[in-house]
Amino acid sequence: MSQITTENSAIDEVVGGYQLSALDRCDSCGAQAYVRATLASGELLFCAHHAKEVRAKIEPIALEWLDESARLLEDA
C-alpha cells in the first residue's frame, strides 16, 4: 500500500499511520471525522455516526472509502 507524502507524514508515523487527524471535521456536523469518502468530484469527511447513515448511498460511487472508526474502540 503506497502512502501519499504530506507535511503530516511525521505525525502519521507516530500515531500508527492514520490518515485522518483530530483536525479533520465531519462535513455534516463538525465532529471529528473518522471516514473519508473520495469521489470523482472531491472528498467528503464524516464522523462515524454520519458515515453509517450515508454509507449505503455513497460507498458504491466512491473511488475510496477510508474508514478509521475502529480507532474509537482503541485503548488510549
Of all the residues that make up the stretch 37-76, how many are of a type outside the set (A, V, I, L, M, F, W, C), in contact (Cβ under 8 Å) with a residue 24 or more places away in the chain and surrounded by 14 or more Cβ atoms within 10 Å (Cβ to Cβ)? 5
Failed condition for Asp27, given (1) in a loop (DSSP other than H, G, I, E, B); (2) at pLDDT below 95, with all others met? (2)
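The values are calculated or read from the model by the stated rules, or taken from the named source; none is laboratory data. Values in this document were obtained by computation on a predicted structure and should not be read as measured data. So basically every Cβ, Gly included, is an ideal-geometry build from the backbone, and we count neighbours across all protein chains shown.
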